[in-house]
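Please treat every number below as a calculation from the coordinates, not as lab data. These numbers come from a predicted model, not from an experiment. Virtual Cβ from ideal backbone geometry, glycine too; neighbours counted across all protein chains shown.
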Amino acid sequence: FTLRDVIASGVAELTLAEEVDLGITGGPIKDAELELLLSSVDRMHAVFPAGHALDDGTSPTLAAVARHPLVLMSRATSVRAVVDAAIAAAGLSAKIAAEATYMSTAVGMVRAGMGIAILPETAMEIGALPMLRSALIGDPRLARSISVIKRRGRTLPPASAAFLEHLGAAFDALEPDGR
């Protein structure tokens, strides 16, 4: 069983090329050759240092988050597409301090004091460092679909089928509103 770690735009490519049996991706599934197997919702959180102005136990608004320098994901990611669309729809402007391809890099930038990151709640990196906090951003536009896909017509090998079953149980454990 081998895992490949790529951003959302690369997941569809690898799945279509049958370089992977299953893809886990954020954002919409656009290719008819891809079959959606599981889907849920992933809401965005602000990630900030403990003691920061946002660390008050509430769910900040997007406007409150956007008042701070932001560490955003690369424009090639599904997270960035959701964040950019929400900022534009709210009529806000963002002060982008840095961009990262991987969520662990964004978290490291927050730890280094470069700004506030906006990351999906399912990101394991959110709880990785005890000196950082996160809060759900109170804006329904800051949510993305998260999906498990395969190439249409492809039969899964036993290890991939077992992994899909495990993922199905994890997706079933998510509440209807995304967590």
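A few remarks follow.
- Only Cα pairs under 8 Å and 6+ residues apart enter the sum, and on that basis the relative contact order of the chain stands at 38 percent.
- Relative contact order computed over the stretch 1-71 (Cα-Cα under 8 Å; 6+ residues apart), in percent: 18 percent
- Kirkwood-based shape ratio for the stretch 89-135, expressed as Rg/Rh from alpha carbons: 0.98
- Overall dimensions of the chain, expressed as equivalent-ellipsoid semi-axes from the Cα gyration tensor (√(5λ), whole Å, largest first), are 31, 16, 15.
- If the convex hull is drawn through the Cα atoms of the stretch 94-179, its volume per residue in Å³: 156 Å³
- Distance between the 7 Å Cα→Cβ label points at ARG141 and ALA53: 2.1 nm.
- Gaussian network model of the chain, Cα within-10 Å springs - most flexible of GLY127, GLY91, GLY168: GLY91
- Building the convex hull from the alpha-carbon atoms of the stretch 1-81 and averaging its projection over directions returns 7.4 nm².
- Result for the chain in a Gaussian network model with C-alpha springs under 10 Å: among PRO120, PRO28, PRO157, the largest mean-square fluctuation is at PRO157.
- For the stretch 77-97 versus the stretch 101-179, the spacing of their alpha-carbon centroids is 18 Å.
- From phi via Karplus (6.51, -1.76, 1.60), per-residue ³J(HN,Hα) for the stretch 119-125 in Hz, x at Gly/Pro: 10, x, 4, 7, 5, 4, 5
- Å³ per residue enclosed by the Cα convex hull of the stretch 60-117: 71 Å³
- Fully extending the segment from THR155 to THR105 would add 14.5 nm, taking 0.36 nm per residue of separation and subtracting the current Cα-Cα distance.
- GNM on the chain, alpha-carbon springs under 10 angstrom: the most fluctuating residue among PRO140, PRO49, PRO69 is PRO140.
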